[in-house]
Each structure stands twice: as structure tokens, then as C-alpha cells.
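Notes for the one structure printed next.
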Amino acid sequence: MTEPDLGPVTWPPAPIRTERLVLRAAEARDRATFIELLASPEVHTYLGGPRERDELEREVPAVPEPWPGSFVVELDGRMIGQVLVRRVTEHRTAAAVGKVDLGYLFLPRVWGHGYAVEACAAALGWIDAFLPGEPVVLATQTANARSLRLAAKLGFTEVEVFRAWGAEQWLGRRAPVAPAG
């Protein structure tokens, strides 16, 4: 399967293994965790608020978000989060349009253990291998100190600060990694 937003990327890729995690395509067994992520007030503090669990139970398909660029993050055989890689087709700031965007959601009970850094670094490695030379952007609210620290650890530097969705937003960019060869 290919996704036009990411170009000719074969999906799903082989699972990506890190020291502690596995990044893989979504499966039916992940549905309950997707609902938990989307309904969590803590997860959505800086994302416009959670969705209603009843609504999610009705709307989330048997295999949630099976599209290219949606990686389930697994720890010890269980989903703990999601990393999203997608091409920005429209955005509140022109600096992001056309770039590859990195996003992530993790269950609050796993925060503070470095899983987001580890998973996002693995996803960036995948981008470097399969979308060589692509600049990557990451947007977050300036109030989200954890996300800003994560962006810095991953090598993102500020492009601009802008106002959108009722809050001040930060846009960072990671310079493209030159293709090998």
C-alpha cells in the first residue's frame, strides 16, 4: 500500500526494533489503547481536549489508523503510544507546508521513561532511510514543556512561534539528513 502524502513508501514496513520498543503497523488488538489515548484528558491537554469515549467506541474501526506513517509503539508486547509521520498539506504557518511532520501520543502511565524520545528517534531513522533528504517539522504548544524538551533532544530547532487553535504554538525543524551513498 502506498500513501500519496509520503510518496512511494511500502506499508507496513518491517517492525522497527529499538533497545526497549517495537514500532509497527496497527493491529486489531490495539483498538482499546487507541481509544484510551484519544479519550485521555492528560494526553490531550495541549491538543484541544479529549474525545468522548462513547463516541470513540462507535467510531474507531477494528484496526485503528492502518495508514502509512502511523506507527504503534509497543513495549513488552503491549501498545503504549503512537508515532505519526505524515506530509503537511495545509498548516497555520507556511513554513510547515510540504514538509514531513512528526507527531506522537503516549499513555500518561509511561511518561518520563524516555520512550517518546526512543520511539521518535527510531521513526526519524525510518524517515532518513525511506524519505532521504526530507526536512522534518514538529509543532507543539509553547506551554507543553515536555514536548519542547523532546524536540530539542531530537535535534529540532525553532523555526517560528505562531498563534493557532487558541494558543501559542512552536514550530521546529530538523535539518534533512543527506542520503547515504
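The values are calculated or read from the model by the stated rules, or taken from the named source; none is laboratory data. Keep in mind it's a predicted model, so treat the numbers as computed, not measured. Backbone-built Cβ (ideal geometry, glycine too); neighbour counts: all protein chains shown. Only protein heavy atoms, including side chains, enter the accessible area calculation; ligands, DNA and RNA are left aside. Shrake-Rupley method; radii C 1.70, N 1.55, O 1.52, S 1.80 Å.
Numerical summary
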read-out	value
Residue 93 being in contact with a Ser or Thr (Cβ under 7 Å, 6 or more places away or on another chain) and either in contact (Cβ under 8 Å) with a residue 40 or more places away in the chain or farther than 24 Å from residue 14 by Cα (or both)	no
Unmet requirement for residue 160, which otherwise passes all of (1) more than 22 Å from residue 71 (Cα to Cα); (2) within 15 Å of the chain's Cα centre (by Cα)	(2)
Some residue of region 8-30 being open to solvent by less than 40 Å² (accessible area, probe 1.4 Å), farther than 25 Å from residue 134 by Cα and outside any strand (DSSP E or B)	yes
Test: residue in region 127-140 that is within 27 Å of residue 50 (Cβ to Cβ), touching a residue at least 12 places away in the same chain (Cβ under 8 Å) and not β-branched (Val, Ile, Thr)	yes
Segments classed as strands (runs of 3 or more DSSP E), wholly inside region 71-181, with at least 1 members that are open to solvent by 60 Å² or more (accessible area, probe 1.4 Å) and in contact with a Pro (Cβ under 7 Å, 6 or more places away or on another chain)	167-174
Any chance residue 148 is over 16 Å from residue 121 (Cα atoms) and in contact with a strand residue (DSSP E or B) (Cβ under 9 Å, 6 or more places away or on another chain)	no
Any hit, region 39-46, residues being open to solvent by 10 Å² or more (accessible area, probe 1.4 Å) and within 26 Å of residue 11 (Cα to Cα)	no
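Here is a yes/no grid of residues against (1) more than 18 Å from residue 140 (Cβ to Cβ); (2) among the aliphatic types (A, V, I, L, M):
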site: 22; (1), (2): yes, yes
site: 30; (1), (2): yes, no
site: 33; (1), (2): yes, no
site: 46; (1), (2): no, no
site: 54; (1), (2): yes, no
site: 84; (1), (2): no, yes
site: 92; (1), (2): no, no
site: 108; (1), (2): no, no
